[in-house]
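Chemist: The structure under discussion is supplied below as structure tokens; questions concerning it will follow.
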């Protein structure tokens, strides 16, 4: 099944940056956006605390804040579940 996600320019840039960082962390330089989305969905389905944080964020409404940027401020930490 195919879906579309509407992202503004900043969200798209954030997604591209995170996919690149995850690809490096997972030693998969050609990581696809869809692989990251599937990994995120799997994590969300398996992690009740993560699901609760996402629910709280959704209740607050649109959040325009961005992940930290700059040297040493990566929003990605390497882990075993970079892609499933």
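Chemist: Tally the residues that are farther than 20 Å from residue 15 by Cα and either under 11 Å from the mean Cα position of the chain (by Cα) or not in a helix (DSSP H, G or I) (or both), restricting the search to segment 40-55.
Modeler: Going through segment 40-55 one residue at a time, the tally reaches 1.
Chemist: Restricting attention to segment 24-39, does a residue exist that is in a loop (DSSP other than H, G, I, E, B), on the phi > 0 side of the Ramachandran plot and modelled with pLDDT under 95?
Modeler: The first filter runs over segment 24-39 and keeps only residues in a loop (DSSP other than H, G, I, E, B), leaving 26-32.
Filter once more, keeping what is on the phi > 0 side of the Ramachandran plot: 27.
Imposing the further condition that a residue be modelled with pLDDT under 95 reduces the set to none.
Taking every residue of segment 24-39 in turn, none turns out to be in a loop (DSSP other than H, G, I, E, B), on the phi > 0 side of the Ramachandran plot and modelled with pLDDT under 95.
Chemist: Additional query: Can you name every residue in segment 1-10 that is under 14 Å from the mean Cα position of the chain (by Cα) and at pLDDT below 95?
Modeler: Let us first name the residues in segment 1-10 that are under 14 Å from the mean Cα position of the chain (by Cα), namely 5, 7, 10.
Result: 5, 7.
The values are calculated or read from the model by the stated rules, or taken from the named source; none is laboratory data. What you are looking at is a predicted structure, and each value in this text was computed from that prediction instead of being measured.
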